[in-house]
Amino acid sequence: RAIEQDKRCVPALHGLRDIFRRQARPKRVIESLRREVDIWDNPREKASVHTRIAEIYWTDQNDAVSALTHLDSALALVPDSGAALQLLLDIHYERRLWEEASPIANTLSQHPETVRAERRAELFLRRGIIAKHLGHRREAIDSLKIALDIAPDNSDAFDALADLFAQDDESEAHLEFFSDLQSALEAHQNRPGLSRVKRFLGRQAEGHYALE
């Protein structure tokens, strides 16, 4: 009734949206969010709503086309929107569109403060994986090392970095990094991560002695 009396009644729209969300009716949630887009005058508010619509299309509907359409609208309003750029990266990364994902990952990595703290290690992991697929070895190594600086127990970042070093003997140039990583893991008593590092360093030592 509140919406019937005032179509710009944001609290009523939020309440309606929450009801539809609890009922697991994503299409109706999208409808209520579309109404919000028309209400807001602030470009950042509009961009935020477009991003939420895009997220529903991507995560609940598996509709990349509609999601990308709304992300285009969000970024047209706020080009530096961290939330929109992060979702855009998610979509391209999960679809393995490395060329499209690369500039977005680079932009976000230059402004990591725009990314939620709990996703910053993942950002640099993904930047490293993208760079690896594109043949940008140095960028891949640097990004994966940053991911491990942020989250020393990130097994995916460690495995990707170890795989890069397995391709040649360059790992000796980075032994100080692995030593620091081992110390960080020891300080946090992270046994799984510590075991990974020790096994890697052990294999490197064996390979070094075999060459002598």
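Cβ-Cβ contacts under 6 Å between residues 6 or more apart (or on different chains), taken from a first residue in the stretch 51-79 that is more than 14 Å from GLU31 (Cβ to Cβ) to a second residue that is aromatic (Phe, Trp, Tyr) and open to solvent by 20 Å² or more (accessible area, probe 1.4 Å), are listed as ASP63/TYR57; ALA67/TYR57; ALA67/TRP58. Taken as a whole, the condition of being surrounded by fewer than 18 Cβ atoms within 10 Å (Cβ to Cβ) and at pLDDT 80 or above does not apply to GLN5.
Using the structure shown, decide if ALA76 is surrounded by fewer than 20 Cβ atoms within 10 Å (Cβ to Cβ), at pLDDT below 95 and of a type in the set (A, V, I, L, M, F, W, C). Don't jump to the end; show me each part of the working.
On the way: surrounded by fewer than 20 Cβ atoms within 10 Å (Cβ to Cβ): yes; at pLDDT below 95: no; of a type in the set (A, V, I, L, M, F, W, C): yes.
Taking the combined requirement at face value, the residue does not satisfy it.
Take the conditions (1) closer than 23 Å to PRO79 by Cβ; (2) buried (at least 22 other Cβ atoms within 10 Å of the Cβ); LEU125 misses just one of them, which is (1). Checking each residue in the stretch 92-106 for being part of a helix (DSSP H, G or I) and open to solvent by 60 Å² or more (accessible area, probe 1.4 Å) picks out GLU94, GLU99, GLU100, PRO103. Return the residues of the stretch 23-58 that are part of a loop (DSSP other than H, G, I, E, B) and more than 15 Å from ALA74 (Cα to Cα); say none if nothing qualifies. Those that are part of a loop (DSSP other than H, G, I, E, B) and more than 15 Å from ALA74 (Cα to Cα): GLN23, ALA24, ARG25.
Checked against the criterion of being under 20 Å from PRO112 (Cβ atoms) and either open to solvent by less than 30 Å² (accessible area, probe 1.4 Å) or among the aliphatic types (A, V, I, L, M) (or both), the stretch 166-179 has at least one qualifying residue. Counting only residues that are part of a helix (DSSP H, G or I) and more than 10 Å from the chain's Cα centre (by Cα), the stretch 110-146 holds 21 of them. Of everything in the stretch 171-194 that is assigned to a helix (DSSP H, G or I) and out of contact with any helix residue (DSSP H, G or I) (no Cβ under 9 Å at 6 or more places or on another chain), the residue that is modelled with the lowest pLDDT is ALA173.
The values are calculated or read from the model by the stated rules, or taken from the named source; none is laboratory data. All values reported here derive from a predicted model rather than from experimental measurement. No Cβ is skipped: glycine too gets one built from the backbone with ideal geometry, and neighbour counts run over all protein chains shown. Ligands, DNA and RNA are excluded from the accessible area calculation, which covers all protein heavy atoms including side chains. Shrake-Rupley method; radii C 1.70, N 1.55, O 1.52, S 1.80 Å.
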